[in-house]
1. Can you give me the number of residues within the stretch 286-321 that are hydroxyl-bearing (Ser, Thr, Tyr), buried (at least 19 other Cβ atoms within 10 Å of the Cβ) and over 24 Å from residue 181 (Cβ atoms)?
2. For the stretch 58-146, please list each of the strands (runs of 3 or more DSSP E) lying entirely inside it that holds at least 3 residues being among the aliphatic types (A, V, I, L, M) and within 27 Å of the chain's Cα centre (by Cα).
3. Restricting to the stretch 273-296, name every residue that is modelled with pLDDT of 95 or more and either in a helix (DSSP H, G or I) or within 13 Å of residue 247 (Cβ to Cβ) (or both).
4. For the stretch 102-110, does any single residue satisfy the condition of being hydrophobic (A, V, I, L, M, F, W, C) and surrounded by fewer than 16 Cβ atoms within 10 Å (Cβ to Cβ)?
5. Determine the pairs where a residue that is near ligand 1 (Cβ under 9 Å from one of its atoms), located within the stretch 361-373, has a partner that is in a loop (DSSP other than H, G, I, E, B) and of a type in the set (Lys, Arg) with Cβ atoms under 9 Å apart, the partner being 6 or more residues away or on another chain.
6. Does at least one position in the stretch 135-152 carry a residue that is in contact (Cβ under 8 Å) with a residue 12 or more places away in the chain, within 16 Å of ligand 1 (Cβ to nearest atom) and not charged (D, E, K, R)?
7. Return yes or no: is residue 470 β-branched (Val, Ile, Thr) and surrounded by 13 or more Cβ atoms within 10 Å (Cβ to Cβ)?
8. Pairs under 6 Å by beta carbon, first residue away from ligand 2 (no atom under 13 Å from the Cβ) in the stretch 292-307, partner among the β-branched types (Val, Ile, Thr) and not in a loop (DSSP other than H, G, I, E, B), six or more apart or different chains?
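The values are calculated or read from the model by the stated rules, or taken from the named source; none is laboratory data. These numbers come from a predicted model, not from an experiment. Cβ atoms come from the backbone with ideal geometry, glycine included; neighbour counts cover every protein chain shown.
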Amino acid sequence: MISKTLELNKKKKRISNSKKFSIISYGCQMNVSDSEVVASILESIGYSYSDDINNSELVLLNTCSIREKAEQTVRKKLESINAVKKINKNLKVGVLGCMAERLKEKFLEEEKIVDLVVGPDAYRDIPNLLKEIEFGNDAVNVLLSKEETYADINPSRFNTNGINAFVSITRGCDNMCTFCIVPFTRGRERSRDPKSILKEINELVNNGYKEVTLLGQNVDSYLWYGGGLKKDFNKASEIQRRTSINFSKLLDLVAKNFPKTRIRFTTSNPQDIDDTVLETMAKHNNICNHIHLPVQSGSDKILKKMNRKHSSDEYLRLVDKIKKLLPDCGISHDMICGFPYETENDHLDTLSLMNKVKYDFGFMFKYSERPGTLAARKYKDNVPEEIKQRRLSEIINLQLKHSFENLSTYIDKYSNVLVEKESKKSKDYWCGRNPQNIMVVFPKDGYKIGDYAKVKILSNTSTTLIGEAIKK
Ligand code: 5AD
Ligand code: SF4
């Protein structure tokens with residue numbers, strides 16, 4: 001008994017004495033998911049997570065390079081960490097993710113505060129790199145890999161509500177849209193072994209999670225044939241091809257194996273989402289009817305210059321098919337305005353496409369030239385800033401109108417909502433999403449986080465449905 005107590009005390013002491021790390025994630029959900037992998041790697045060498053960088057020995061910024069503004073946000077954060085470092089002198093600072101990959105060693109020169117630079121495929125090397133810092137050496141690893149998917153690492157969900165989780169299924173992107181830095185910072189597209197995906201979801205479900213979002217830059221292009229590197233599929237044997245698992249098969253497997261779990265996925269690319277994915281969505285009630293389907297522009301001329309692999313007509317036909325096969329499916333988009341050589345007519349084409357689709361919501365951006373991309377090398381960033389801004393406002397205003405109109409159609413109907421968190425506006429209200437990925441708020445009334453609530457929608461804004469749950 002005594003020795004048991006001693007052991008326990010020792011263990012407690014070890015935990016309280018362990019080094020603390022903080023991670024701050026910027027950009028996409030992939031970074032949030034990667035930070036959980038990094039947290040797991042750090043915990044395996046005795047670190048423990050803290051959300052207070054004043055008390056941490058290590059702070060990591062998981063960075064985004066998608067637009068210049070995203071990089072500026074990271075640089076500003078580094079400035080504020082500089083102030084913390086004046087008091088917390090032992091604090092080491094690391095940068096992970098896309099900006100680390102893009103800037104490589106230059107990061108150390110440009111931002112003197114940075115001790116550690118690690119690209120998205122090199123996180124396993126963090127323990128060694130931390131030792132290098134202790135020896136006073138530069139610690140940089142930005143090697144990209146053709147295999148790495150971190151399949152065997154169980155992510156540490158350090159910042160979780162215990163209900164929603166991301167599960168990454170592919171890494172990298174082979175699409176080479178001309179504006180996009182991602183293929184350069186995240187490397188070649190590769191899929192993760194489905195067995196490891198199912199194992200991770202099984203663990204989540206056993207731990208009480210209610211919803212998983214399958215993540216990848218291009219989930220519909222998922223393909224496992226014994227290996228996962230997309231560009232090598234043409235080298236696969238006949239039997240590997242016959243037994244390969246594509247995205248619709250993976251979705252089917254996940255939905256079948258976890259019938260009580262809500263399944264979402266993002267992001268879809270128009271050229272890769274096929275009928276079998278839509279049929280699988282129709283077949284399973286637990287796959288949420290929402291597709292995030294970036295289009296980027298409504299002009300064929302611009303789509304071509306962007307190296308998008310579809311025309312506006314092909315995209316619209318796909319949307320029609322989705323609406324036919326899945327009548328209550330939410331559809332959202334990403335849109336870029338002010339791409340090089342975008343004329344007023346091209347912009348009107350974008351507005352016209354939006355008027356045809358009538359998206360539920362979207363993420364809309366001004367074109368931002370990214371060093372090294374084909375667009376940066378070949379095209380002049382020649383749409384003046386004030387025109388970009390005006391076009392962006394027009395796109396956003398049109399989206400707000402469509403969102404409001406679409407959300408109004410929910411009034412007097414019931415939405416099935418998974419309770420996720422307290423509403424930001426009132427502690428008396430819960431907030432969750434319906435299958436179409438629309439935020440719903442309603443009075444708490446005996447419900448708790450993780451419950452499903454059948455909510456009668458009473459009113460709406462352009463972003464939120466407001467309702468009342470039927471009594472439990
Ligand atoms: N400028 C503006 N927006 C961009 N995106 C990607 N690259 C750029 C860029 N250079 C947007 C696209 C993409 C989303 C994740 O970010 O719309 O779908
Ligand atoms: Fe970038 Fe295009 Fe790949 Fe999306 S599909 S990550 S926009 S290259």
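1. The total comes to 1.
2. By residue number, 58-63, 92-96, 116-118.
3. Of everything in the stretch 273-296, those that are modelled with pLDDT of 95 or more and either in a helix (DSSP H, G or I) or within 13 Å of residue 247 (Cβ to Cβ) (or both) turn out to be 273, 275, 276, 277, 278, 279, 280, 281, 282, 283, 287, 291.
4. Among the residues of the stretch 102-110, not one is hydrophobic (A, V, I, L, M, F, W, C) and surrounded by fewer than 16 Cβ atoms within 10 Å (Cβ to Cβ), which makes the answer no.
5. Note: pairs meeting the criteria are 365/67; 366/67; 367/67; 368/67; 370/67.
6. No; the residues of the stretch 135-152 include none that is in contact (Cβ under 8 Å) with a residue 12 or more places away in the chain, within 16 Å of ligand 1 (Cβ to nearest atom) and not charged (D, E, K, R).
7. Judged against the criteria, residue 470 is not a match.
8. 298/350
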